[in-house]
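What follows draws every value from the coordinates through simple rules; no lab data is involved. Just so we're clear, the structure is a prediction, and the values are computed from it rather than from any experiment. Glycine also receives a Cβ, built like all others from the backbone with ideal geometry; neighbour counts cover every protein chain displayed.
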Amino acid sequence: MDQENKMEQEMKEATGRVVRMTAANLQLRAFAVESKYIVEYARKAHETSPVATAALGRLLSAGAMMGAMLKNQQDLLTLQIKCDGPIRGLTVTADAKGNVKGYVNVPRFEGFARPDHKLDVGGALGYGTLTVIKDLGLKEPFAGTTELLTGEIAEDLTYYFATSEQTPSSVGLGVLLNKEDGSVRQAGGFLIQVMPEAKDEVIDVLEQNLSGIQSVTALLEDGCDAVQMLERILAGLDPQLEQESPCRFACDCSREKIEKVLLSLGEKDLSDLSEGKDDVEVKCHFCNSAYRFSPAEIRDMLSAVREGAKGKQ
Ligand SMILES: [Zn+2]
């Protein structure tokens, strides 16, 4: 199997599942995701170090759930973290069809294993901001930015929902790695939102349930799938399964799209590139796929750009 087909095959296997539930007669809405294979795919594609795998895996898991919250099939969600820690930042995009992709700015940063063997994602992120952009097909996309509270991502999203969307929420995200090789052992998350009409008794039960839960990875290690995870969190609140749908790591990059990026560099940069003897390799940020262009191909692009410029005169 050649490289491109192999990546295609692996991407097909990078699937997970998002479930949506309601509870307490619609006073709560809840999402959960099983994302182990998505995060493992991202780890391999970007060759992420353990702490970067955990950070990216948490944000991908959140993206998959928040993608499922979008109303229309064409809507797009972007989660972007900019930070001063060694990871520098990470970006995830997701859509309503279950496609999610993402990258870390500095993927191979090592370190930040804590004395308790947990990965110090907050330390690797440091101070910064979380921006949520929703492109809902309107003139201007919706964008909300909040400061990172802990850099642990779940707490930062909880804070974002409370301040930017005025929706009290509880977010849990977890990525557990195998000690031997850093591959992904468990990954998943949940997102519970309290609707404005929710009664105090309902919130009390929810808080009690949440306080009895150790972590997402503990639930997954316990053998819970996404539905069972929510059934535990929503115990006693009459949880109802609304929908379950597949999600996957998928990138829509192509040779044509990368060509457009190269063309947009303009005459000067293309001319510099065309003078080299070697192929020019351009990698997609999101999935790390490499696209190669020969000097002859670059020269063709250059003439196309020059023709275009002439046409405008
Ligand atoms: Zn790509």
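Remarks
- Tilt relative to the chain, helix 295-312 - C-alpha long axis, 0 to 90 degrees, to 10: 90
- Taken one residue at a time, the phi angles of segment 22-34 give Karplus couplings (6.51, -1.76, 1.60, θ = phi - 60°) of 10, 8, 6, 6, 6, 6, 10, 10, 9, 10, 8, 9, 9 Hz. Gly and Pro are set to x.
- Only helices enter this figure: runs of n ≥ 4 DSSP H residues, each worth -39500 (n - 2.57), summed and divided by the residues of the chain, yield -11500 deg cm²/dmol at 222 nm to the nearest 500.
- Neighbours of residue 20, meaning other residues whose beta-carbon lies under 9 angstrom from its beta-carbon, give a summed charge of -1 when Lys and Arg score +1 and Asp and Glu score -1.
- A Förster radius of 41 Å, combined with the Cβ-Cβ distance separating residue 268 from residue 106, puts the computed FRET efficiency at roughly 0.90.
- Potential lengthening between residue 309 and residue 147 on full extension [0.36 nm per residue; Cα-Cα distance subtracted]: 53.9 nm
- Dipole size of segment 255-312 about its Cα centre, with +1 on Lys/Arg Cβ and -1 on Asp/Glu Cβ: approximately 220 debye, rounded to the nearest 20.
- On Cα atoms only, tilt of 200-211 relative to the major axis of the chain in degrees: 70
- Distance between segment 110-171 and segment 173-248 - C-alpha centres, whole angstrom: 18
- Cα-based Lys proximity count in segment 14-249, under 23 Å, for pairs eight or more positions apart or on separate chains: 20
- Peptide ranges 264-270, 220-226 listed from the most packed, as the mean C-beta count within 10 angstrom indicates: 220-226, 264-270
- Amide H partners (placed H, <5 Å) of residue 151, local residues excluded: 156
- Simple point charges give the picture: +1 on the Cβ of Lys and Arg, -1 on the Cβ of Asp and Glu, and for the chain a dipole about the Cα centre of about 640 debye.
- Placing dummy labels 7 Å off each Cα toward the beta-carbon, the span from residue 181 to residue 292 is 2.7 nm.
- Segment 5-120, Cα convex hull volume normalised per residue, Å³: 130
- Cross-link partners of residue 310 among lysines, defined as those whose alpha carbon lies under 23 angstrom from its own and excluding same-chain residues fewer than eight positions apart: 260, 268.
- Pairs of Cα atoms nearer than 8 Å and 6+ residues apart set the relative contact order; for the chain it is 21 percent.
- Contact order normalised by residue count of segment 255-312, Cα under 8 Å, 6+ apart, percent: 36
- Net charge contributed by nearby residues that have their C-beta within less than 14 Å of residue 131 (K/R +1, D/E -1): -2
- Cβ-defined net charge surrounding residue 44, 15 Å radius [Lys, Arg +1; Asp, Glu -1]: +3
- Over the C-alpha atoms of segment 241-313, the Rg to Rh ratio, Rh being the Kirkwood estimate, stands at 1.21.
- For peptides 139-147, 31-39, 227-235, sequence by mean Cβ density within 10 Å, most packed first: 31-39, 227-235, 139-147
- q = 0.09, 0.15, 0.17, 0.21 Å⁻¹: log10 I(q)/I(0) that the Debye formula gives for segment 51-175, counting C-alpha atoms only: -0.23, -0.64, -0.81, -1.20
- For residue 242, the residues 5 or more places off, or on other chains, whose built amide H falls under 5 Å of its own are 20, 21, 22.
- In the chain, taking the dipole from charged Cβ atoms about the Cα centre, the farthest positive-side position among 85, 223, 45 is held by 45.
- In degrees, nearest ten, helix 3-13 long axis to first principal axis of the chain (Cα): 20
- Overall dimensions of the chain by Cα: Rg and Dmax, Å: 21.6, 72
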